[in-house]
1. Go through (1) within 16 Å of ligand 2 (Cβ to nearest atom); (2) in a helix (DSSP H, G or I); (3) not polar (S, T, N, Q) for F171 and report which single condition fails.
2. Quick check, is S75 outside the structural domain of K284 (by TED's automatic domain parsing), surrounded by fewer than 17 Cβ atoms within 10 Å (Cβ to Cβ) and closer than 22 Å to I274 by Cβ?
3. Sort out which residues of the range 135-156 are within 16 Å of ligand 2 (Cβ to nearest atom) and not in a helix (DSSP H, G or I), and write them in order of number.
4. Does I59 satisfy being at pLDDT 80 or above, within 20 Å of A102 (Cα to Cα) and of a type in the set (A, V, I, L, M, F, W, C)?
5. So, of the residues in the range 184-195 that are surrounded by fewer than 19 Cβ atoms within 10 Å (Cβ to Cβ) and more than 17 Å from L165 (Cβ to Cβ), which turns out to be modelled with the highest pLDDT?
6. Are any residues in the range 203-254 within 12 Å of ligand 1 (Cβ to nearest atom) and of a type in the set (V, I, T), and if so, which ones?
7. Inside the range 163-209, can you point out the residues that are small (G, A, S) and more than 18 Å from the chain's Cα centre (by Cα)?
Amino acid sequence: MIILKKEPLSGEALKSEILRTIKELPPMPQSVFKAREIMSNPKSSFKELGQILEMDQGIATAVLKFANSSYYGLSGRVSSIQRASVVLGHKTIAELITVATASRLLGKKLDGYDLGAGELWRHSMGVACASKIIATRKNPGLANDAFTAGLIHDAGKLILGSYILEWKEEFQQFMADGRKTFLNAEREILGFDHSQIAAEVCKNWCIPQLLATAIEYHHYPSRSQGSELAYIVHVADVIAMMTGLGLGADGMNYQMDDKAIEFLDLQRKDISNIMVEILAFVEKTSEEMSGPG
Ligand SMILES: [Fe+2]
Ligand SMILES: [Fe+2]
């Protein structure tokens, strides 16, 4: 008896199916757009911002949770968004809104990448923290953007995870000789790698171009036409992998860009210091948040 196996989509059909899936990701909540609009207007008041955010209880609770974590230094001292924005300032609140929104998505289990529940979240928090540390040394003006870009750099994995699972055997065969990278496999088999997909996700979420470029080139910053942020997130990603945060199926198969360390003027000692710092940060925030959400 011949059993006909239903072939999964491939080629152009698969590519359009993947692009369609991006549209199914939860959108950035309306309150986030309104909050960004308010923050971009210098005449806006803390009160207005507080009012908008408090209308979305999910976001408001998450923002307060993060604001009260030891990382942001308010340890349990603020109980209203309005107060948090006065103490932390608009820029940090913008960062918190992204963290709160991303945390709802990144905590999921991703079988295609062998990432258990919360693992991508821990990896992303590690990369966000390392990106911020590197940016603070190299170009402090980029520190907040570096944190946000680091946090959502792997959002493309949310889309590709289930397709990788569908094409598991092909991925295993492709990787069998140990010379190819997982990114090559993603491009070859699915038509996109997760950084290209993340760039599309950024468009959907209206993420500013500076961050979207860094995210798109986080695995090959030298193709970014000199995006400092792309180099920062790239090195932060590798450092987080070195600590074992979110290694998953692909972690051992990434290559560090040869010029990145020199470009960012980092020494071996700096890298080990950053590793220690991000591990402590992830440990602490995970405890304080008791998981994403
Ligand atoms: Fe990545
Ligand atoms: Fe990553």
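1. Single failed check for F171: (1).
2. Judged against the criteria, S75 is not a match.
3. H153, D154, A155
4. no
5. Result: R187.
6. Across the range 203-254, the qualifying residues are I215, V233, V238.
7. If the condition is that a residue be small (G, A, S) and more than 18 Å from the chain's Cα centre (by Cα), then A176, G178, A185, G191 are the ones that fit.
One line per residue, one yes/no per condition, for (1) over 19 Å from L25 (Cβ atoms); (2) not assigned by TED's automatic domain parsing to the domain that holds S40:
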residue	(1), (2)
T98	no, no
Y113	no, yes
G116	yes, yes
H123	no, yes
C129	yes, yes
K132	yes, yes
P140	yes, yes
A143	yes, yes
A146	yes, yes
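The values are calculated or read from the model by the stated rules, or taken from the named source; none is laboratory data. No experiment lies behind these values; they were computed from the predicted model shown. Glycine also receives a Cβ, built like all others from the backbone with ideal geometry; neighbour counts cover every protein chain displayed.
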